[in-house]
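The values are calculated or read from the model by the stated rules, or taken from the named source; none is laboratory data. All figures in this text were calculated on a predicted structure; none of them were measured in a lab. Cβ coordinates were reconstructed from backbone atoms using ideal geometry, including for glycine residues, and neighbour counts include every protein chain displayed.
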Amino acid sequence: MTTKVKAAIIGSGNIGTDLLYKALRSDVIEPVWMVGIDPESEGLKRAKEFGLKTTYEGVKGLEPHIEADKVQIAWDATSAYVHQSNNDLVAKYGVRMIDLTPAAIGPFCVPPVNLREMVGRSEQNVNMVTCGGQATIPMVASVSRVQPVEYGEIIATVSSKSAGPGTRRNIDEFTRTTARGVEVVGGAKRGKAIIIINPAEPPLIMRDTIHCLTVDTPKQEEIIESARQMVEEVQKYVPGYTLKNGPVFDGNRVSFFMEVEGLGDFLPKYAGNLDIMTAAGLRTAELIAEEIQRAEAA
Amino acid sequence: MNLEGKKVTLHDMSLRDGMHPQRHQLTAAQMVEVATALDAAGVPLIEVTHGDGLGGASVNYGFPAASDEEYLRAVVPKMNNAKISALLIPGIGTVDHLRMAHDCGVHTIRVATHCTEADVSEQHIVLGAKMEMDTVGFLMMAHMISPDALLEQAQLMQGYGANCLYITDSAGYMLPDDVTSRVGRLREKLDPDVEVGFHGHHNLHMGIANSLAAIEAGADRVDGSVAGMGAGAGNTPLEAFVAVLHRMGVETGIDMWKLMDVAEDIVYPMMTHKVRADRDSLTLGYAGVYSSFLLHAKRAADKYGLKSTDILVELGRLKTVGGQEDMIEDVALDMKKAGAAE
């Protein structure tokens, strides 16, 4: 029986807490530290109740314990502005980082599309793009692996309640980073991303529309099958990932209409946008952990 | 109503909101023709961009005949007195587009958000103000929340540096009392040197009545569109509004006779879709639905054998907001499935 790989969660807000709930169920990872910056943080209190060690002094507070507690994996669920310095600090100790902020200093990782490739390259830092990217890039890739995609466009609609202050203050980061992910990971020659925030009550479940313009006439049968397989892959870690309508074929346009319902661990079910980030972040960490276990066994 | 002696800045929307009925296909040459004629008629401010603002070019909203930059570089240098504005909806356009527009000589940047989401506009308003542009906050679908809730959002934008705040009736749903209470609340509570504006749609034919209510409640700027060319049943028809304002003794600085000629001789003949309060536009106004959905809903209805009014009512029931054009085909597919199941 191999021992679980120890991990730290940096950021004790909603994302960090939801990630904690999920990580506690993992067979290969054991979350041991939760890092915050506010002594009053609810997230830190909750982590302590679950038996984690906590610090409210940021990554500096974690640093003296990284080696002693054998922390080998960290997630950063803080903000793009502090990610670089968080990463620099833990990287000194060989900690593998999964970046849930839009900082994107490491390569993009969208699990069903390129996770194995990322892990195979032993990247120290991988970035999870954006929530909209996690929800849509797999579908762009499901078309681009069948035939060349000239242009990929995604429209992500999230409920007001699930769009945090960080996203709001830097909404351009979302559109830019997601568009780049549609190109780099999705395989579209050109990418565009649009985000809409809707305040309806009760809050709406995350919706995503994906349009691909193919170079040649869409190979309908192959795309339908490829998309079906891709949806299944995502459902392995986000069971509420659903193709509601489509694919619609209209000339060279291929469109998918998705709904993303979360697991409702800590965040409400409508916040599928946040759930898909934490679920993808955990899935990525688990593959890295397995690789670490294999290396240690060898 | 006595508006004698008041002054108002009128802002023409035909080359931006009018892009919706034109399916964003106005050419740069057409834009130059209309804008120079409006300039000659004394219209002080003219908006030019894709209908959904800077960066709107997309499958979702439609690809335009030319890029925002091509339109702006064609129009701006041809203006003698008029200034050019551009719309930017955060989530669609970015600060990169804003910098481009500024570089093209755009004078006024209007940063638009859904009325409850003003805090997504911070980076754009801050940059607009920093570049010393006339920086406007534009609260869309303003019928959906109360005057006090709007004020709270307007104050956020004012705090970021906006020098003018708009009540935007994107659905053409408001009645004059709705306008009075909203514009009045902003005028009463915003800083005195911050202007207040109103943008109407003519879906219930209330564009002029609502705009008059806005001026009475203290609006400094009012949007309209020559020949009414805008989304839904269009914007407040500018030439008719100017005629009314001049009868009432309001100063606009516009030559009404020249403006009528622009409408009649240039813009009407350009229209590929006749902008009027047809049943779909009336439905938008009645159900409180974003006006730009109009042609998308008509297309989806044709494609899937549905009634466009049914699609629009359903979009209203789902509380969709501006920009959710992608919901239209999705809703149509749902309705078709439900119909087939019956």
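Taken over the range B:200-228, the criterion of being closer than 16 Å to B:L45 by Cα, touching a Pro at 6+ places or on another chain (Cβ under 9 Å) and outside any helix (DSSP H, G or I) is satisfied by B:G224, B:S225.
If you scan the range A:113-153, which residues turn out to be under 30 Å from B:G62 (Cβ atoms) and not in a helix (DSSP H, G or I)? Selection gives A:V129, A:T130, A:R145, A:V146, A:Q147, A:P148, A:V149, A:E150, A:Y151, A:G152, A:E153. Among the conditions (1) under 17 Å from B:P44 (Cα atoms); (2) hydrophobic (A, V, I, L, M, F, W, C); (3) buried (at least 17 other Cβ atoms within 10 Å of the Cβ), B:W257 misses just one, which is (3). On inspection, A:A47 fails the criterion of being in contact (Cβ under 8 Å) with a residue 60 or more places away in the chain and either more than 21 Å from A:T130 (Cα to Cα) or in contact with a helix residue (DSSP H, G or I) (Cβ under 9 Å, 6 or more places away or on another chain) (or both).
Checked against (1) within 14 Å of chain A (Cβ to nearest Cβ); (2) small (G, A, S); (3) part of a helix (DSSP H, G or I), B:A263 passes all but a single condition, namely (1).
What do you reckon, is B:D68 within 26 Å of B:A219 (Cβ to Cβ) and of a type outside the set (K, R)? Answer is no for this residue. With respect to (1) in contact (Cβ under 8 Å) with a residue 40 or more places away in the chain; (2) closer than 18 Å to B:E195 by Cβ; (3) not aromatic (F, W, Y), the lone exception for B:M144 is condition (2). If the condition is being in a loop (DSSP other than H, G, I, E, B), under 19 Å from B:H124 (Cα atoms) and in contact with a strand residue (DSSP E or B) (Cβ under 6 Å, 6 or more places away or on another chain), then the range B:68-105 contributes B:I89, B:G91, B:I92.
No other residue among A:T130, A:T157 is of a type in the set (S, T, Y) and within 12 Å of chain B (Cβ to nearest Cβ) apart from A:T157. Among the residues that make up the range A:207-228, is at least one of them under 30 Å from A:V126 (Cα atoms), crowded, with 19+ Cβ neighbours inside 10 Å, among the hydroxyl-bearing types (S, T, Y) and away from chain B (no Cβ under 12 Å)? Checked against the condition, which is being under 30 Å from A:V126 (Cα atoms), crowded, with 19+ Cβ neighbours inside 10 Å, among the hydroxyl-bearing types (S, T, Y) and away from chain B (no Cβ under 12 Å), the range A:207-228 yields at least one hit.
Within the option set B:L87, B:L54, B:L72, being among the hydrophobic types (A, V, I, L, M, F, W, C) and within 14 Å of another protein chain (Cβ to nearest Cβ) holds for one residue only, B:L54.
If I filter the range B:68-97 down to residues being under 18 Å from B:L26 (Cβ atoms) and hydroxyl-bearing (S, T, Y), which single residue comes out as surrounded by the fewest Cβ atoms within 10 Å (Cβ to Cβ)? If we take residues in the range B:68-97 being under 18 Å from B:L26 (Cβ atoms) and hydroxyl-bearing (S, T, Y), then B:S85 is surrounded by the fewest Cβ atoms within 10 Å (Cβ to Cβ). Flag set for A:L274, criterion: at negative phi and surrounded by 23 or more Cβ atoms within 10 Å (Cβ to Cβ).
Scan the range B:308-342 residue by residue and report those that are basic (K, R) and part of a helix (DSSP H, G or I). If the condition is that a residue be basic (K, R) and part of a helix (DSSP H, G or I), then B:R317, B:K336, B:K337 are the ones that fit. Screening the range A:1-112 for helices (runs of 4 or more DSSP H) wholly inside it with 1 or more residues that are closer than 21 Å to A:T178 by Cα and either modelled with pLDDT under 95 or of a type outside the set (S, T, N, Q) (or both) returns the ranges A:14-23, A:80-91.
Being farther than 17 Å from B:A40 by Cα, small (G, A, S) and in contact (Cβ under 8 Å) with a residue 40 or more places away in the chain holds for only one residue in B:G228, B:G253, and it is B:G228.
If the requirement is being at negative phi and either surrounded by 23 or more Cβ atoms within 10 Å (Cβ to Cβ) or in the same structural domain as A:G16 (by TED's automatic domain parsing) (or both), which of these qualifies: A:V254, A:V248, A:V184, A:V231?
A:V254
Considering A:E225, A:E173, A:E201, the condition of being over 23 Å from A:D250 (Cα atoms) and more than 16 Å from the chain's Cα centre (by Cα) is satisfied by A:E201 alone. Taken residue by residue, the range B:31-45 has no member that is in contact (Cβ under 8 Å) with a residue 12 or more places away in the chain, under 17 Å from the mean Cα position of the chain (by Cα), outside any helix (DSSP H, G or I) and on the phi > 0 side of the Ramachandran plot.
The residue list B:A57, B:A41 contains one member that is touching a helix residue (DSSP H, G or I) at 6+ places or on another chain (Cβ under 7 Å) and either in the same structural domain as B:L259 (by TED's automatic domain parsing) or at pLDDT 95 or above (or both), which is B:A41. From the list A:M128, A:M118, A:M97, pick out the single residue that is under 23 Å from A:I37 (Cβ atoms) and in contact with a Cys (Cβ under 9 Å, 6 or more places away or on another chain). Every option except A:M128 fails the conditions.
With respect to (1) farther than 26 Å from B:K319 by Cβ; (2) part of a strand (DSSP E or B), the lone exception for A:E221 is condition (2).
Taking every residue in the range B:304-323 that is more than 14 Å from chain A (Cβ to nearest Cβ) and pairing it with any residue that is part of a loop (DSSP other than H, G, I, E, B), at least 6 positions away or on another chain, the pairs with Cβ-Cβ distances below 9 Å are B:L312/B:V289; B:V313/B:V289. Taken over the range B:55-67, the criterion of being buried (at least 18 other Cβ atoms within 10 Å of the Cβ) and either assigned to a strand (DSSP E or B) or under 19 Å from the mean Cα position of the chain (by Cα) (or both) is satisfied by B:G55, B:G56, B:A57, B:S58, B:N60, B:Y61, B:G62, B:P64. Pairs are defined by a Cβ separation below 8 Å, a sequence spacing of at least 6 or placement on different chains, a first member in the range B:265-290 that is outside the structural domain of B:Q324 (by TED's automatic domain parsing) and closer than 30 Å to B:K319 by Cβ, and a second member that is part of a helix (DSSP H, G or I) and aromatic (F, W, Y); the pairs so defined are B:L284/B:F293.
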